[in-house]
Structure formats: structure tokens, C-alpha cells
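K.L.:
Below is one structure. I have some questions about it.
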Amino acid sequence: MTSIAVCPGSFDPVTLGHIDIISRGAAVFDKVIVAVLHNRNKQPLFSVEERLALLREATKHIENVEVDAFSGLLIDYMKTKKARTIIRGLRAVSDFEYEMQAASINKKLGPEIETFFMMTNNNYSYLSSSIVKEVAKYDADVSDIVPEVVAAALKKKFSG
Ligand code: PNS
């Protein structure tokens, strides 16, 4: 049986914190699907297509990682992909409350599906896509907190 895990998120944009979780997940599961939520209620900086392209470039060195988009309930997407595990990164205690709610509702909606949490590498525990966007907007150097391709895309976005 192939073990398939899904690493869901907004990835607007992907950071090195995400890449850390994705690559560690890929070392444990046969396949990791990085699934970008297509959320019509949010006003993202990068379109879904841009986020997919950035993720594909940033994960191309990891053989068993696939990048995809989904809309609707994560649990329904998991079922269509025959995936049994959700991977989420935990940075700090502040993440816990939301993650516990999400894992609990997902358990109710799909009892056969498990959520696995990984502690984010200490180097990235302060990192979020929002923080990256906030500082990149003011032309700060983000090259050591996001993949190279994302740093270039942010520069382009904010330069005009
Ligand atoms: O990167 P994010 O924004 O923290 O990711 C949140 C995400 C995409 C994992 C979550 O919002 C999600 O799974 N949304 C899909 C709708 C759903 O299934 N909701 C119930 C569980 S929260």
C-alpha cells in the first residue's frame, strides 16, 4: 500500500518553513501532495496558478512531491486522492488552538483520516507568509527565508 499524505495550505507564498515541513514529510511518506487552497473569500497576493508554479519550482528537487490545487473541503479532496494523512507544521503555541479545531472537525468529517503535526525547524518558528509579504513590500531582503524563486517573484510583484 502506498502511503499518501497531503500538506494543505494557502502558500501565499511558500516559505522555507513550508519547504522544511514538506521535505521532512516526503522522507516519511511514499508521496506528499502539496495542496493549495483555492479560497475565493481571501484576497491573495499571488494567484493560485502563480502559487502552484512557485511551489513546483521550489520542490522540484524532491522526487515524491506533487503540487496541486483544491477547493471545498479538505477531507473531500483527501478522499479523491486516496490520501490518509494530513501534514501540518506547528510553529508555536499560538498555532495550537486553530490546528486543534481544524484537526477535530476533520476527524469528525473523515474518521479514517489522521492529522500529523510536525514542529517547525527552530530557524523558521517566527516565519509566516504574511510576515514575508509585509517585509518584502518594503524591499527587505527575504532571500534566507523564502526559496530563491519566491524572492524573485516578490521583488517583481512589489516593484510595480
Ligand atoms: O495555510 P493555511 O491558510 O493555514 O491553510 C489552511 C487550510 C487550507 C489547511 C484550511 O483552511 C483548509 O483545509 N481549508 C479547506 C476547507 C476545510 O476543509 N475546512 C475545514 C477544516 S479547517
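K.L.:
Need the list of lysines near K155 for cross-linking: C-alpha distance under 21 angstrom, and skip anything on the same chain fewer than eight residues off.
P.N.:
Once the sequence-local lysines are set aside, what remains near K155 is K133, K137.
K.L.:
Which values of log₁₀ I(q)/I(0), to two decimal places, follow from the Debye formula for the chain at q = 0.13, 0.20 Å⁻¹ with a uniform point scatterer at every Cα?
P.N.:
-0.60, -1.42
K.L.:
Something else now. Just to confirm, what accessible area per residue do you get for the range 32-160 at 1.4 Å probe, in whole Å²?
P.N.:
Per-residue accessible area for the range 32-160 comes out at 63 Å².
K.L.:
Before anything else, pin down the relative contact order of the range 64-152: Cα pairs under 8 Å, at least 6 apart, normalised by residue count, whole percent. Each step should come with its number before you reach the end.
P.N.:
On the way: 55 pairs, mean separation 24.1, N = 89.
Value for the range 64-152: 27 percent.
K.L.:
Springs between alpha-carbon pairs under 10 angstrom, Gaussian network model over the chain: which of Y77, Y124, Y98 fluctuates most?
P.N.:
Y98
K.L.:
For K107, go through the aspartates and glutamates and keep the ones whose alpha-carbon is under 13 Å away, minus same-chain ones fewer than eight residues off.
P.N.:
Cα-Cα hits under 13 Å: D76, E99.
K.L.:
Taking H as built 1.01 Å from N, whose amide H comes closer than 5 Å to the amide H of V6, not counting residues under 5 places away?
P.N.:
Those lying under 5 Å, H to H, from V6 are I33, T85, I86, I87.
K.L.:
Could you run the Karplus curve 6.51 cos²θ - 1.76 cosθ + 1.60 with θ = phi - 60° over the range 113-119 and give me ³J(HN,Hα) per residue in whole Hz, x for Gly and Pro?
P.N.:
9, 9, 9, 10, 9, 10, 6
K.L.:
Would you mind calculating the gained length between D139 and D30 on full extension (0.36 nm times residue separation, minus the Cα-Cα distance), in nm to one decimal? Don't jump to the answer; show the numbers that get you there.
P.N.:
Numbers: separation 109, 0.36 × 109 = 39.24 nm, distance 3.89 nm.
Separation in residues times 0.36 nm, less the Cα-Cα distance, equals 35.4 nm.
K.L.:
Which whole-Hz ³J(HN,Hα) couplings does the range 58-71 yield from phi under the Karplus relation 6.51 cos²θ - 1.76 cosθ + 1.60, θ = phi - 60°, glycine and proline marked x?
P.N.:
Residue by residue, the range 58-71 yields 6, 10, 5, 7, 10, 4, 9, 10, 10, 10, 8, 10, 9, 10 Hz.
The values are calculated or read from the model by the stated rules, or taken from the named source; none is laboratory data. Please read all numbers here as calculations on a predicted model, not as lab measurements. Accessible surface areas use protein heavy atoms only, side chains included; no ligands, DNA or RNA. Shrake-Rupley method; radii C 1.70, N 1.55, O 1.52, S 1.80 Å.
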